[in-house]
Amino acid sequence: MARACCGTSVGVLITDPRGRLLMIQRGWWPIGVAPVAGHVRDEHDDPAAAVVAETAEEVGLTVVGDPALLWEGRLPNLCASLPADPPGHYWWLYRATATGTVRPAEGETKGAAWYTPDQVRALAGKTVAYARSGGTADGQPADSLEAVWVELLTRSGDLSPTVYDLADVEWLYTSAPPEYWLGGRPKSGRR
């Protein structure tokens, strides 16, 4: 029997000295570009441990010092796992400092890059435009910001969309995936 989502997630904002944000191209659904993130309670003892582990796993960097908690709370976003009860995730959003050489995890990601604030805003704008066009969550362009991150980067102060923009993208991140991941290896690059 497939296990349901643990209903907890951590997000990690890592910036370089030039103020660019490290983001990955997601390797599976939900589609898009996003900062480092992962489930907490399915494999980690606590959110801080998840910050360290997910950063190492997804981009090969070592978190140094204590990550700063920026926001925590529940969002109704769905992932590729069977939904938790209640559906959605309790999030812990951190800003962290990391060292090392960026090495995106094959399979976890389709690559990683540093994005300027203008590039992050452009990705978010593409997500908002896609949501307004009536597109479906499984058809979201890979070169847009993963929908839930429009909300999370607003909560961190890195984006400032309108309330209408936020409402338009919410339905993308509350939509179910085209199929749920039921364990084992991801199919077609999705999990």
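The values are calculated or read from the model by the stated rules, or taken from the named source; none is laboratory data. All figures in this text were calculated on a predicted structure; none of them were measured in a lab. Every residue, glycine among them, receives a Cβ derived from its backbone with ideal geometry; neighbour counts consider all protein chains shown. Note: accessible area is taken over every heavy atom of the protein model, side chains too, but ligands, DNA and RNA are not part of it. Shrake-Rupley method; radii C 1.70, N 1.55, O 1.52, S 1.80 Å.
Brief remarks on what is shown
- Pairs where the first residue, in the stretch 61-84, is farther than 23 Å from Leu182 by Cβ and free of Cβ contacts under 8 Å to residues at least 24 places away in the same chain and the second is open to solvent by 60 Å² or more (accessible area, probe 1.4 Å) and not polar (S, T, N, Q), C-beta under 7 Å, 6+ apart: Arg74/Tyr90
- Residue tally, condition of a type in the set (Asp, Glu) and in a helix (DSSP H, G or I), over the stretch 54-75: 3
- Residue list for the stretch 163-178, restricted to those being free of Cβ contacts under 8 Å to residues at least 60 places away in the same chain, open to solvent by 40 Å² or more (accessible area, probe 1.4 Å) and among the charged types (D, E, K, R): Asp168
- Qualifying residue in the stretch 37-47 (condition: of a type in the set (A, V, I, L, M) and within 22 Å of Arg121 (Cα to Cα)): yes
- Test for Val59: is it open to solvent by less than 40 Å² (accessible area, probe 1.4 Å), at pLDDT 95 or above and either touching a Ser or Thr at 6+ places or on another chain (Cβ under 9 Å) or aromatic (Phe, Trp, Tyr) (or both): yes
- Qualifying residue in the stretch 34-53 (condition: touching a residue at least 40 places away in the same chain (Cβ under 8 Å), part of a helix (DSSP H, G or I) and surrounded by fewer than 17 Cβ atoms within 10 Å (Cβ to Cβ)): no
- Pairs are defined by a Cβ separation below 6 Å, a sequence spacing of at least 6 or placement on different chains, a first member in the stretch 1-16 that is under 21 Å from Leu69 (Cβ atoms), and a second member that is part of a loop (DSSP other than H, G, I, E, B) and at pLDDT below 95; the pairs so defined are Cys6/Arg41; Cys6/Asp42; Gly7/Ala84; Thr8/Val40; Thr8/Arg41; Val10/Val40.
- Test: residue in the stretch 103-124 that is in contact with a Leu (Cβ under 6 Å, 6 or more places away or on another chain) and of a type in the set (S, T, N, Q): no
- Among the residues making up the stretch 17-28, a single one is open to solvent by 10 Å² or more (accessible area, probe 1.4 Å), assigned to a loop (DSSP other than H, G, I, E, B) and farther than 22 Å from Gly65 by Cα: Trp28.
- Considering (1) buried (at least 18 other Cβ atoms within 10 Å of the Cβ); (2) in a loop (DSSP other than H, G, I, E, B); (3) modelled with pLDDT of 95 or more, the lone condition that Ser160 does not fulfil carries the number (1).
- The stretch 95-124, residues that are closer than 18 Å to Ala147 by Cα, open to solvent by less than 70 Å² (accessible area, probe 1.4 Å) and either among the aromatic types (Phe, Trp, Tyr) or part of a strand (DSSP E or B) (or both): Thr109, Ala112, Tyr115
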